[in-house]
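The values are calculated or read from the model by the stated rules, or taken from the named source; none is laboratory data. Quick caveat, the model's predicted, so the values are computed rather than measured. Positions of Cβ are generated from backbone atoms using ideal geometry, with glycine treated the same way; all protein chains shown enter the neighbour counts. When the accessible area is computed, the model is the full protein with side chains, heavy atoms only, and any ligands, DNA or RNA have been set aside. Shrake-Rupley method; radii C 1.70, N 1.55, O 1.52, S 1.80 Å.
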Amino acid sequence: MRVLNHLELESRLDRSGIETSVSHQRAALARTDVSVVTSPWNGGSIPRALERTVDGDGPIASIDLAHCNMIGPGSVAIARYARHEDVPLVLHAHVTREDFAESFRGSTAIGPALERYLRWFYSQADLVLCPSQYTKGVLESYPVDAPIRPITNGIDIDALSGFSSLRSTYRQRYDLDGMVVFALGSVFERKGVTTFCELAQATDHEFAWFGTYDTGPQASTTVRRWTSDPPENVTFTGWIDDKRGAFAAGDVYLFPAKVENQGLVVLEAMACGKPVVLRDIPVFEEYYTHGEDCLMCDTIDEFRDALTELASDPELRDRLGENARETAREHSLDRVSEELLDAYQEVTTV
């Protein structure tokens, strides 16, 4: 089977959760007999497609199935081509109205229009894949008129190997000491930056958020306020060259996100054996267990108490971290490849 696994604006999504998920898909498919192309153009680019056309071949790559991971005009064009050529179409729902809210300035305000667009776009698919049962319920509420199937984003454990060797380098680089409470990824209010900073103000621990943040007109006022004048014990690092450095430097992963479709970076922290503190939201309850592989909290007081308990109880940190490693192993690339093959089989044998 020859599959187009496409990520629109791939170069601009470097190290985003979506890009990481797509890299996991491709790595998982490389373990199978599926042949993957990443560009719809014959030869991989428009110039080469033109050359192929001059040589008598078509400009569009020959594929048996199209799998798109974004929602923009390029993805729409591929969807229309698939419909016209009767090629099975799989759309991956990494984006919902709910998880787009509180990301950029105005992202919440355009929510109703975005929901209408997503309902139309995802409904074109022969099958919609999404990261969780929670997300499936969100899409069904729109409602999306297509079969919907949850599939884990997975975790590439091998890609994180050697992270511990970076500990001293990254702690020295950002002047971190003691038990460091950390987060990784783009700084958004949806991901809980206010809770993160308020917890820092309520404790004596050092806090570090590894990841980019906007400062231009697209930045939300909340993100701009916290990153321009953070509490004394909070470091916003901006872009880091190697995300393994974050997992090396940090001790407790804090992710008070308000909405997530799965939270891939949580799996990465778990794969590194870090104790994880999460907001108690439905998608995390679906994948993780409070007191076993994480701690889940609702209020600032609960978050603060969880951090205090972890700081005073090294055995609890070790137990949560080891159980978290086991949870991460359940989301291996082998599982991703099996689930993708099942999904592709579903739409190509109808």
Query raised in the report: Where the Cα atoms of segment 217-350 are projected onto their three principal axes, how long is each span, largest first, in whole Å?
Result: 58, 45, 30
Report summary line: Of 319-328, 121-130, ordering from highest average Cβ density within 10 Å down gives 121-130, 319-328
Query raised in the report: If you take the alpha carbon radius of gyration of segment 175-218 and divide it by 2.2 N^0.38 Å, what ratio comes out, to two decimals?
Result: 1.23
Query - Debye, to nearest 20: dipole size of segment 270-329, +1 on Lys, Arg Cβ, -1 on Asp, Glu Cβ - result: 320 debye
Query raised in the report: Dipole size in debye (nearest 20) for the chain around its Cα centre, Lys and Arg Cβ +1, Asp and Glu Cβ -1?
Result: 1040 debye
Query raised in the report: Over the alpha carbons of the chain, what is the largest minus smallest coordinate on each principal axis, giving the biggest first in Å?
Result: 68, 40, 38
Report task. Between Glu338 and Thr169, take the C-beta separation as r, use R0 = 41 Å, and let me know the FRET efficiency to the nearest 0.05. Result -> 0.65
Requested in this report: Towards the positive end of the charge dipole of segment 218-350, with charges on Cβ (+1 Lys, Arg; -1 Asp, Glu), say which of Gly238, Leu254, Tyr344 has the farthest Cα.
Outcome: Gly238
**Report entry** For segment 138-231: Kirkwood Rh in Å [reciprocal of mean 1/r, alpha carbons]
**Finding:** 16.5 Å
Query raised in the report: Which is farthest toward the positive dipole end of the chain among Ser107, Ala324, Gly137, measuring Cα position about the Cα centre, with Cβ charges +1 (Lys, Arg) and -1 (Asp, Glu)?
Result: Ser107
Query raised in the report: So what's the convex hull volume per residue for the Cα atoms of segment 134-190, in Å³?
Result: 153 Å³
Query raised in the report: If Lys and Arg each add +1 and Asp and Glu each add -1, what is the summed charge of the other residues whose beta carbon sits under 11 Å from the beta carbon of Leu139?
Result: 0
Requested in this report: For segment 1-149, count all C-alpha to C-alpha pairs, find those more than 20 Å apart, and express that count as a whole percent of the total.
Outcome: 52 percent
**Report entry** Reachable lysines, given that their alpha-carbon falls under 28 Å from the alpha-carbon of Lys136 and they are not under 8 places away in the same chain
**Finding:** Lys191, Lys258
Query raised in the report: With Rg and the Kirkwood Rh both taken from Cα atoms, where does Rg over Rh land for segment 66-111?
Result: 1.12
Query raised in the report: Ignoring ligands, DNA and RNA, how do Glu292, Glu315 rank by accessible area with a 1.4 Å probe, largest first?
Result: Glu315, Glu292
